[in-house]
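Where a number appears in this text, it was derived from the coordinates with a stated rule and is not lab data. Fair warning: this is a prediction, and the values are worked out from it, not measured in the lab. Methodologically, a virtual Cβ is constructed for each residue, glycine included, from the backbone with ideal geometry; neighbour enumeration extends over all protein chains shown.
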Amino acid sequence: NIVTKSADMIRRGLNLGHDFGLGSIIVPFTKTPSNLAKAIVEFSPVGFAKGLTVDAYKTAKAIHNGTITPQQQRKFVDNVAKGITGVMMYVAGLALAGAGLTVGSDDEKDKDIRNFKRNILGISQNAIRIGDRTFQFDWAQPIGSILTITADIKKNNIDMSNAADIITNALAAGGNTLFEQSMLRGLSDFFGSYDGFVTSLVRSVIEFPTQLQPTLLKQVAEVVDPVARTTAGAGLFDTAGRKMLARAPQATKRLEPVVDVLGRDVLRYGGKNSLFNIFLNPANVNVANPTEETKEIWRLYEQTGDKDVFPKAAPSSFSYKGTSYKLTPKEQSL
């Protein structure tokens, strides 16, 4: 369709007309992400509005001119049906968000709060919350994007009293969700990086080999090593090498563990490192791991809003008596 063709044109343009080039590195996949982005729009109030306006006008005009075809009629019905289905899914998503069962995107700027929520409270973004566990739904598109959008709408207390607000706010909240698709995320990361064009280019090139590593290797590595590992390195090449190690069985143990605010090693899948979760379950599982102390920290934060109640993660660098020091990944994890 026109969306996938446009994505291919972008990749060919970045490749400067060749079969392989920068576009193949930044945008390795186009067809599936493009169709997902298209479906997110179609199954939404925006798609419903388009069906009742643009598509309805084209169909009525064709009927008036006597040029209507069964294919055109079917396309109109399909588009309106997708829009109606999407609106009903938004209603259901808002109900789930209102009941506190869905978690949207995490726009928290403070790194310590983000780590606390993820590693102590077991709260992942874009997830269904059931008891002390969250199950990410970003794999279930386009439903996952709708659940994220509605959770964000509910979280930000956006007024949904009329159709215009629904369309406008759903589109605004869905913008980041669309850019999380692999095709758009690659472009966004590359052109939106604050590191500059050259640094973004070098990073894309040196991290390209990680795309060639089979997913099966990563899954086997997770079976062998249940501990979450950090891939942040001292530089671009170090980080790229560590990302390759993170997908290689046994080699992952050469990387430092991710630690929570209490200094405990963070386990993959919240400690539920079963063969089912690794090989068959498409949803990443996270499990809360609180203590009485961390419960009190969260209670204080909710009542006061004071971010200083959280234990601080080790910085990557600091200054002492006018001298700057940069910590290695091993030093940060100690």
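In whole Å, what are the extents of segment 1-114 along the principal axes defined by its C-alpha atoms, from largest to smallest?
Per principal axis, max minus min of the Cα coordinates gives 63, 51, 17 Å.
Label L275 and D8 with points 7 Å out from Cα along Cα→Cβ: what is the distance between them in nm?
If labels sit at L275 and D8, their model points lie 4.1 nm apart.
List every residue whose amide H lies under 5 Å from the amide H of V259, counting only residues 5 or more places away in sequence or on a different chain, with H placed 1.01 Å from N in the peptide plane.
Those qualifying (amide H under 5 Å, at least 5 residues apart or on another chain) are V266.
Based only on Cα atoms, what mean projected area does the convex hull of segment 56-122 have, in nm²?
7.4 nm²
Relative to the present Cα-Cα distance, how much length would full extension add between L16 and I113 at 0.36 nm per residue of separation?
Details: separation 97, 0.36 × 97 = 34.92 nm, distance 4.34 nm.
Full extension from L16 to I113 adds 30.6 nm.
K61: which lysines have alpha carbons under 28 Å from its alpha carbon, excluding same-chain residues fewer than 8 sequence positions away?
Hits, sequence-local ones excluded: K5, K38, K50, K75, K82.
Checking the table K117/K155; K111/K312; K253/K330; K117/K312; K109/K253; K109/K155 against a 19 Å threshold on Cα-Cα, which pairs fail?
Long pairs (Cα-Cα over 19 Å): K109/K253.
For the ranges 258-269, 35-46, what's the packing order if you count other beta-carbon atoms within 10 Å of each residue, average per peptide, and put the highest first?
Values: 258-269: 17.0, 35-46: 20.8.
In descending order of packing, they fall as 35-46, 258-269.
How large is Rg/Rh for segment 209-334, to two decimals, with Cα atoms and a Kirkwood Rh? Before the final figure, lay out each step's value.
Details: Rg = 17.4 Å, Rh = 16.8 Å.
Rounded to two decimals, Rg over Rh is 1.03.
Quick one: which residues, 5+ away or cross-chain, put their amide H under 5 Å from the amide H of L121? H built at 1.01 Å from N.
Those lying under 5 Å, H to H, from L121 are N289.
More than 17 angstrom separation, counting every C-alpha pair in segment 245-297; what % is that?
52 percent
Please give the charge dipole size of segment 269-334, origin at the Cα centre, charges +1 on K and R Cβ atoms and -1 on D and E Cβ atoms. Round to the nearest 20 debye.
With Lys and Arg at +1 and Asp and Glu at -1, about 320 debye.
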